[in-house]
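K.L.:
Here's a structure for you.
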Amino acid sequence: MKKLIISLLAALLSISVYAQVEYEKGWIVNNEGNRVECLIRNKGWRTSPKSFEYKIEDGKTLVGDVETISEFGVGNYHFISKEVDVDTSRPSVDNYSKGSAPELSRMKVYLAVLCDGPYKLYSYKSGSFNDSYYYSLNDSDPEYLIHKHYLGASGRVMENNYFRQQLIKTLEGTDTGKMAIERLPYNEKNLVNLFTQLNGKGRNETKEWGSISMNVFAGAGVVTSNFKNHSTRPRQFFGPDFTVKAAGVELEYTFPFYRKKLSILISPEVYSFSQESYWKPVASPEVKEWVKYSTVNIPISLRYKMFCGKNTYFYLDLGASVGYPFNTDINVTDFQYEKIKHSYNLLCGAGVNLYDRVSIGLRGHYFDKVFADHTSFDSRIDVTELVIGCRLF
């Protein structure tokens with residue numbers, strides 16, 4: 001069954017080369033101010049790009065960057081090339097500085113346009129530094145909204161929230177309340193909603209922050225068992241393969257970046273299996289042996305989606321889970337029963353989702369130790385399930 005999973009993963013990876021839509025209709029503005037309609041490779045940028053690929057009439061692939069293309073847009077993305085102050089403070093707690101002042105460097109970068117209008121809001125996200133936000137009024141040059149985490153004298157993590165004073169001064173005379181700005185968090189969602197209101201468009205309802213869905217599923221599969229002892233008379237206690245039944249739910253959060261190709265799932269399920277066998281010891285009557293195993297398995301995994309249509313995609317899952325056994329019993333000759341503890345295992349899977357409604361796939365749990373603390377009894381099992389699911393919302 002492992003070979004089947006590996007073969008399916010390889011097949012889906014090869015299909016993904018053809019399943020992805022790489023270029024979409026977009027536009028660029030060159031340094032002379034001319035706007036040109038073109039095709040742009042939409043990568044679903046999580047961080048601000050340094051360059052991008054595009055095609056014009058002849059189909060030749062060209063590369064634009066901050067020096068050659070002053071502005072471009074594709075899908076929901078709009079970037080503009082500007083020279084701004086970038087805070088190069090590291091976001092990691094291990095690298096926080098002891099000074100509250102930002103560590104600014106002058107750079108020419110692509111800023112993402114988050115809000116357009118008289119009050120403009122931009123962001124710069126490099127992945128290496130803190131996410132930075134900028135604003136401008138009536139087409140003035142973007143100004144950095146200052147915010148920084150730093151270590152105070154007591155060693156505690158402090159915040160420099162000077163951006164609030166910047167906004168209060170800039171918005172003096174508007175209907176925006178001072179108290180609301182004094183409590184404003186430094187994040188994209190709250191800043192976008194503030195600037196959307198300033199531009200007279202109400203609260204932002206179109207900006208996507210990711211989506212949550214819930215699926216129910218049922219499955220059946222095969223258990224590849226390895227119930228063996230390590231005594232002077234080693235033997236396999238049960239047959240190598242028997243069936244497993246499973247049912248559960250999936251809660252999936254799809255990230256808004258990377259063109260919604262990446263999501264995180266928590267998918268608790270109950271699965272169970274059982275088997276009986278008979279063994280005749282030397283010069284002894286035949287004895288009956290059995291194993292019954294039920295567990296609540298709680299996996300957390302990442303899912304990568306490969307679209308072959310607007311709402312149809314192949315997917316790959318990878319994660320880990322912890323199992324909590326219940327209603328479990330084992331009876332084998334010359335084996336002292338021990339209480340079954342929770343177990344950890346690796347999860348991988350692959351499948352297809354049709355019309356964003358019905359999913360069919362294979363899911364494998366590996367290295368599940370039923371009796372993890374029993375040194376003389378090898379209890380490894382591998383579970384491979386065929387899972388069919390349906391989206392509730």
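The values are calculated or read from the model by the stated rules, or taken from the named source; none is laboratory data. Since we're looking at a predicted model, the values are computed, not measured. Cβ placement follows ideal geometry from the backbone for every residue including glycine, while neighbour counts extend to all protein chains displayed. Keep in mind that these areas ignore ligands, DNA and RNA; they rest on the heavy atoms of the full protein, side chains included. Shrake-Rupley method; radii C 1.70, N 1.55, O 1.52, S 1.80 Å.
K.L.:
Considering only residues of the range 53-106 that are among the polar types (S, T, N, Q) and not in a strand (DSSP E or B), which is modelled with the highest pLDDT?
P.N.:
THR68
K.L.:
Do you know which residues across the range 104-138 are among the basic types (Lys, Arg) and surrounded by fewer than 17 Cβ atoms within 10 Å (Cβ to Cβ)?
P.N.:
Hits for the range 104-138 are ARG106, LYS108.
K.L.:
Where the second residue is in a strand (DSSP E or B) and basic (Lys, Arg) and the first is free of Cβ contacts under 8 Å to residues at least 24 places away in the same chain and closer than 11 Å to LEU167 by Cα and lies in the range 133-151, which pairs have Cβ atoms under 7 Å and are six or more apart or on separate chains?
P.N.:
Pairs that qualify, where the first residue is free of Cβ contacts under 8 Å to residues at least 24 places away in the same chain and closer than 11 Å to LEU167 by Cα and the partner is in a strand (DSSP E or B) and basic (Lys, Arg), are SER136/LYS120.
Residues are listed down the side, and each one gets a yes or a no for (1) in contact with a Ser or Thr (Cβ under 8 Å, 6 or more places away or on another chain); (2) over 20 Å from ARG46 (Cα atoms); (3) of a type in the set (A, V, I, L, M, F, W, C); (4) not in a loop (DSSP other than H, G, I, E, B):
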| residue | (1), (2), (3), (4) |
| --- | --- |
| LYS108 | yes, no, no, yes |
| LEU111 | yes, no, yes, yes |
| LEU121 | no, no, yes, yes |
| ASP141 | no, yes, no, no |
| ILE168 | no, yes, yes, yes |
| ASP175 | no, yes, no, no |
| PRO185 | no, yes, no, no |
| ASN190 | no, no, no, yes |
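K.L.:
Could you check how many residues of the range 100-159 are on the phi > 0 side of the Ramachandran plot and among the small types (Gly, Ala, Ser)? It would help to see each step written out before you state the result.
P.N.:
Step one: filter the range 100-159 for residues on the phi > 0 side of the Ramachandran plot, giving 117, 127, 138-139, 155.
Pick out the ones that are also among the small types (Gly, Ala, Ser) and you get 117, 127, 155.
Within the range 100-159, residues that are on the phi > 0 side of the Ramachandran plot and among the small types (Gly, Ala, Ser) number 3.
K.L.:
What pairs can you find where one residue is in the range 374-393 and modelled with pLDDT of 80 or more, the other is surrounded by fewer than 17 Cβ atoms within 10 Å (Cβ to Cβ) and charged (D, E, K, R), and their Cβ atoms are less than 8 Å apart, with a gap of 6+ or different chains?
P.N.:
THR384/LYS2; CYS390/ARG357; ARG391/ASP356; ARG391/ARG357
K.L.:
Hey, another quick one. Could you please find all residues in the range 63-77 being closer than 10 Å to SER51 by Cβ and either small (Gly, Ala, Ser) or in contact with a Lys or Arg (Cβ under 9 Å, 6 or more places away or on another chain) (or both)?
P.N.:
Those that are closer than 10 Å to SER51 by Cβ and either small (Gly, Ala, Ser) or in contact with a Lys or Arg (Cβ under 9 Å, 6 or more places away or on another chain) (or both): GLY64, ASP65, VAL66, GLU67.
K.L.:
Go through (1) in contact (Cβ under 8 Å) with a residue 40 or more places away in the chain; (2) open to solvent by 30 Å² or more (accessible area, probe 1.4 Å); (3) touching a helix residue (DSSP H, G or I) at 6+ places or on another chain (Cβ under 8 Å) for GLU182 and report which single condition fails.
P.N.:
Result: GLU182 fails condition (1) only.
K.L.:
Condition first: hydrophobic (A, V, I, L, M, F, W, C), surrounded by 13 or more Cβ atoms within 10 Å (Cβ to Cβ) and modelled with pLDDT under 70. Now tell me which residues in the range 326-370 satisfy that.
P.N.:
Those that are hydrophobic (A, V, I, L, M, F, W, C), surrounded by 13 or more Cβ atoms within 10 Å (Cβ to Cβ) and modelled with pLDDT under 70: VAL332, PHE335, ILE340, VAL370.
K.L.:
Can you find a residue that is open to solvent by 30 Å² or more (accessible area, probe 1.4 Å), in contact with a helix residue (DSSP H, G or I) (Cβ under 9 Å, 6 or more places away or on another chain) and either within 20 Å of ASP116 (Cα to Cα) or touching a residue at least 24 places away in the same chain (Cβ under 8 Å) (or both) anywhere in the range 66-75?
P.N.:
Yes: one or more hits.
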